[in-house]
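Report on one structure; see the data block that follows.
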Amino acid sequence: MRRRMLTSDGVQLAVVEFGGRGTPIVVLHGLMGRATTWWPVAQWLIAHGRVLGLDARGHGRSGARGAWTTERMTADVAELLAEVGPAVVVGHSMGGLHGLVVAARHPELVRALVVEDMGVDFRGRSAEDARAWFGALPQPFPSLAAVRRAFGWPRPEFGDYMAECVEERPDGYHLLAQVEHATAIAAEWAELDHWDAVGAVRCPALLVEAEDSIVPAGQMAEMGRRMPAADHMRIPGTGHLVQSGDPQAYRSAVESFLSTHM
């Protein structure tokens, strides 16, 4: 089931109700993604609580108006959590960063936190590289197979993920998230770090790192050391989308964490 929520700055965001009962579990997608990319994970998460996903502003079926900042997008998450009650937050990439910052700033809203392959310090990376990469995408794509091909090398699972993040129009398939918005979000990561938030997280946390991670080497382990109640693990053979690279290992890790902290 899908519904809408209105943010404090007047943007309509899409919320997906995956099912389940009890403690809210809010899943947050990565850059260029959407809530429905969590569908395979949600099928087993619903055994642990009421699972909801948020389309971040500018993504999926949410309104596409900035500000394109971690501060504003984190506020969106906090407003959803204030509505549904204190929740377990499970985030991939950008969603992991937003979950971490919410846990730091609004500890009353986050019971426990899972961060999948995301760091807090990408300073020094080039925003122009991101702009060039996004700008080179061959939109419109002539088919879903073309979407999978464009995004699926060397990790086919990411092609399948991105095939969920397009819509068909008369001239072909277009990404739901606009390149300029995604670039603006990534550009801020190249300028600001969030180490202050790491030190302020007090809830139980699980940090899941890919073997072939996007995060600077050693950073997620250091994040774990700075949190008083965090476990860090690295899953062999996986790329950035750990949940699809080794679904069983990811599920086992998350379910073990939830059994201890819910």
Self-check item: Members of region 220-239 that are under 20 Å from ASP193 (Cα atoms) and under 18 Å from the mean Cα position of the chain (by Cα)
Solution: MET220, MET223, HIS232
Exercise. Give the residues of region 222-256 that are over 24 Å from ALA42 (Cβ atoms) and free of Cβ contacts under 8 Å to residues at least 12 places away in the same chain, sorted by residue number.
Key: GLU222, ARG225
Self-check item: Any hit, region 157-179, residues being over 24 Å from THR238 (Cβ atoms), in a helix (DSSP H, G or I) and either open to solvent by 20 Å² or more (accessible area, probe 1.4 Å) or at pLDDT below 95 (or both)
Solution: yes
Quiz item: Name the residues in region 189-211 that are open to solvent by 30 Å² or more (accessible area, probe 1.4 Å), touching a residue at least 40 places away in the same chain (Cβ under 8 Å) and farther than 18 Å from ARG225 by Cα, would you?
Solution: TRP189, GLU191, LEU192
Quiz item: ASP129 versus (1) without any contact (Cβ under 8 Å) to a residue 60 or more places away in the chain; (2) open to solvent by 60 Å² or more (accessible area, probe 1.4 Å); (3) more than 18 Å from MET32 (Cα to Cα): which is the lone unmet condition?
Solution: (3)
Practice problem: Answer yes or no as to whether GLY91 is touching an Asp or Glu at 6+ places or on another chain (Cβ under 7 Å) and of a type outside the set (Val, Ile, Thr). | Solution: yes
Quiz item: Which one of these does ILE214 not meet: (1) without any contact (Cβ under 8 Å) to a residue 60 or more places away in the chain; (2) open to solvent by 50 Å² or more (accessible area, probe 1.4 Å); (3) not in a helix (DSSP H, G or I)?
Solution: (1)
Quiz item: How many of the residues making up region 191-223 are among the β-branched types (Val, Ile, Thr) and closer than 20 Å to PRO236 by Cα?
Solution: 3
Self-check item: Candidate set from region 17-40 (those that are closer than 16 Å to VAL114 by Cα and in a loop (DSSP other than H, G, I, E, B)); member that is most open to solvent (accessible area, probe 1.4 Å)
Solution: THR23
Self-check item: Residue list for region 41-66, filter: within 10 Å of VAL11 (Cβ to Cβ) and open to solvent by 10 Å² or more (accessible area, probe 1.4 Å)
Solution: SER62, GLY63, ALA64, ARG65, GLY66
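Is it the case, given these coordinates, that ALA221 is open to solvent by 20 Å² or more (accessible area, probe 1.4 Å), of a type in the set (A, V, I, L, M, F, W, C) and in contact with a strand residue (DSSP E or B) (Cβ under 6 Å, 6 or more places away or on another chain)?
Details: open to solvent by 20 Å² or more (accessible area, probe 1.4 Å): yes; of a type in the set (A, V, I, L, M, F, W, C): yes; in contact with a strand residue (DSSP E or B) (Cβ under 6 Å, 6 or more places away or on another chain): yes.
Criteria met by ALA221.
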Quiz item: Quick one: would you say ALA150 is small (Gly, Ala, Ser), free of Cβ contacts under 8 Å to residues at least 12 places away in the same chain and open to solvent by 30 Å² or more (accessible area, probe 1.4 Å)?
Solution: no
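The values are calculated or read from the model by the stated rules, or taken from the named source; none is laboratory data. Because the structure is predicted, anything quoted here is derived from the model rather than measured. When we count neighbours, we look across all protein chains shown, and the Cβ atoms used for this are built from the backbone with ideal geometry, even at glycine. Accessible surface areas use protein heavy atoms only, side chains included; no ligands, DNA or RNA. Shrake-Rupley method; radii C 1.70, N 1.55, O 1.52, S 1.80 Å.
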